[in-house]
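**Q** Here it is, the structure in full.
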Amino acid sequence: DVLLVTGALRGEHYSDFGSVLTYKTSFRYKLTDNFNFRGSFSTGYRAPSLQQKYFSNTLTNFSQGQLVQSRVARNDDPITKLAGIPSLKQETSVNKSLGFTWKPFKNFNFTVDGYQIEMKDRIVLSGLFNASDASLPIAFTSKLNAMGVATAQFFSNAVNTTNTGVDIVADYSIKTSTTTKLKLLLVANFQGITIDDIHVPTALNTNAYNASTFFNDREQYFLKASAPESKYSFSADFAAKKFTVGARLTYFGNV
């Protein structure tokens, strides 16, 4: 009646990435009849997608009056291996949350949950490496020049990140008459992402410029802009017997 604890195990096998066991545990502690503490801890696993493993593309641009080819090389491409990019592996995560639920009066529920998601070996697209860069491995630049490719980039398990955020939900329902009902729902999310570590392959970590190119400012901004720092959603539904009319309003913060 006061304390509830749950646990779960999940086993999976991937033909390309082996077996994995993930788990989750959570608790709910009833402080009073209308106020509960709750929290959870879990691990996560995501195998690389087909696109991340096998996508390739060669783009031709004009630069200073010349045709220049830029290539996104697939993970098993000889260019990728010459650049020292290892085979893609799974992303893993550790997820934590802590919050409370509160029912101050009848038909009104209010919840707040804070969370933190630590992701390791996140798969990202690298910056562009130039075939004319003498500091890069000769075999790599020679291969690019032989193919007529000026720059190349790759998918790699390159980054560790941490997402931290808060979810807030307010839910209120009331019968306005014996045949009509009004429901109001407000949901808010505030979150941020930090880049904790960048794993630069040895072959591409020949100087400070190449190290910063591997996951450059442009790609970091793309990652950080994958979700807005705030989001609000409000909905109102009015039901009369079998007929319901509703309104929705959603606000996304700047990215």
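The values are calculated or read from the model by the stated rules, or taken from the named source; none is laboratory data. Every value quoted in this text rests on a predicted model; they were computed, and no experiment measured them. Counting neighbours? That spans all protein chains shown, and the Cβs are built from the backbone with ideal geometry, glycine included. These area figures cover heavy atoms from the full protein model, side chains too; ligands, DNA and RNA do not enter into them. Shrake-Rupley method; radii C 1.70, N 1.55, O 1.52, S 1.80 Å.
**Q** Please indicate, with yes or no, whether at least one residue in the range 160-168 is modelled with pLDDT under 95 and in contact with a Phe, Trp or Tyr (Cβ under 8 Å, 6 or more places away or on another chain).
**A** Here is the first cut: in the range 160-168, the residues modelled with pLDDT under 95 are none.
No: zero hits.
**Q** Would you check which residues across the range 105-130 are in a strand (DSSP E or B), among the aliphatic types (A, V, I, L, M) and within 13 Å of Phe214 (Cα to Cα) and list them? Quick ask: steps written out before the conclusion?
**A** At the first step, the residues of the range 105-130 found to be in a strand (DSSP E or B) are 105, 108-125, 129-130.
Among the residues that remain, those that are also among the aliphatic types (A, V, I, L, M) are: 112, 117, 119, 123-125.
Of everything in the range 105-130, those that are in a strand (DSSP E or B), among the aliphatic types (A, V, I, L, M) and within 13 Å of Phe214 (Cα to Cα) turn out to be Ile123, Val124, Leu125.
**Q** For the range 236-254, name all the residues that are polar (S, T, N, Q) and either over 35 Å from the mean Cα position of the chain (by Cα) or surrounded by 15 or more Cβ atoms within 10 Å (Cβ to Cβ) (or both).
**A** Selection gives Thr244 alone.
**Q** Can you say whether Ile198 is under 30 Å from Leu82 (Cα atoms) and surrounded by 14 or more Cβ atoms within 10 Å (Cβ to Cβ), as far as the supplied structure shows?
**A** yes
**Q** Here is a check on your reading of the model: is Leu144 buried (at least 20 other Cβ atoms within 10 Å of the Cβ), out of contact with any His (no Cβ under 7 Å at 6 or more places or on another chain) and assigned to a helix (DSSP H, G or I)?
**A** yes
**Q** When both residues are 6+ apart or on different chains and their Cβ atoms are under 6 Å apart, which pairs have a first residue that lies in the range 149-160 and is under 16 Å from Leu82 (Cβ atoms), and a second that is among the aromatic types (Phe, Trp, Tyr)?
**A** Matching pairs, first to second residue: Ala152/Phe129.
**Q** Taking the residues in the range 63-77 that are open to solvent by less than 70 Å² (accessible area, probe 1.4 Å) and outside any strand (DSSP E or B) as candidates, determine which candidate is farthest from Phe214 (Cα to Cα).
**A** Gly65
**Q** Okay, moving on. Could you identify the single residue in Thr80, Thr60 that is part of a helix (DSSP H, G or I), among the hydroxyl-bearing types (Ser, Thr, Tyr) and under 27 Å from Gln153 (Cβ atoms)? Spell out the reasoning first.
**A** On the way: Thr60 fails: part of a helix (DSSP H, G or I).
Sole residue among the options that is part of a helix (DSSP H, G or I), among the hydroxyl-bearing types (Ser, Thr, Tyr) and under 27 Å from Gln153 (Cβ atoms): Thr80.
**Q** Still on this structure: Please go through the range 32-59 and give me each residue that is modelled with pLDDT under 95, open to solvent by 80 Å² or more (accessible area, probe 1.4 Å) and over 18 Å from the mean Cα position of the chain (by Cα), ordered by number.
**A** Of everything in the range 32-59, those that are modelled with pLDDT under 95, open to solvent by 80 Å² or more (accessible area, probe 1.4 Å) and over 18 Å from the mean Cα position of the chain (by Cα) turn out to be Asp33, Tyr54, Phe55, Leu59.
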